[in-house]
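Notes follow once the structure below has been shown.
Every read-out reported here was derived from the displayed coordinates using simple, explicitly stated rules and does not represent laboratory data. For clarity, every value in this text was computed on a predicted model and none was experimentally measured.
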């Protein structure tokens, strides 16, 4: 059963607050995976939105999973990236500008499996929803 959306929002805002306040000392890992803060531009409001996400590396790129806790709709941050793929990530105290791209089917399978090997919850999330959970590649840009 997917996690309650209100609980997800509360945990996300709290996590981002403590991560930023501590300069990336608090909240750097969840379920054995490193955490980054992703700042997107709201597709409707145009306002900056920050979301903590677990991530993995794929070469020079960062990979995040748009699981939304197994819900049937995409997370807001993913919808924002589809409208405006330019974003910023914060890892510890280091900010990096990135451009987001949804992984193609071949890369998605490989990257999703890698993430599920570290955090088995991702495999459960995919079973709980009818949508194919997107994998997003964040490519650093100059």
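Could you state the principal axis extents of the C-alpha atoms in segment 5-140, from the largest down, to the nearest angstrom?
Dimensions of segment 5-140 along the principal axes of its Cα atoms: 35, 34, 31 Å.
Would you mind pulling out the separation of the Cα centroids of segment 114-142 and segment 55-79, in Å?
Each part reduced to its Cα centre gives a spacing of 6 Å.
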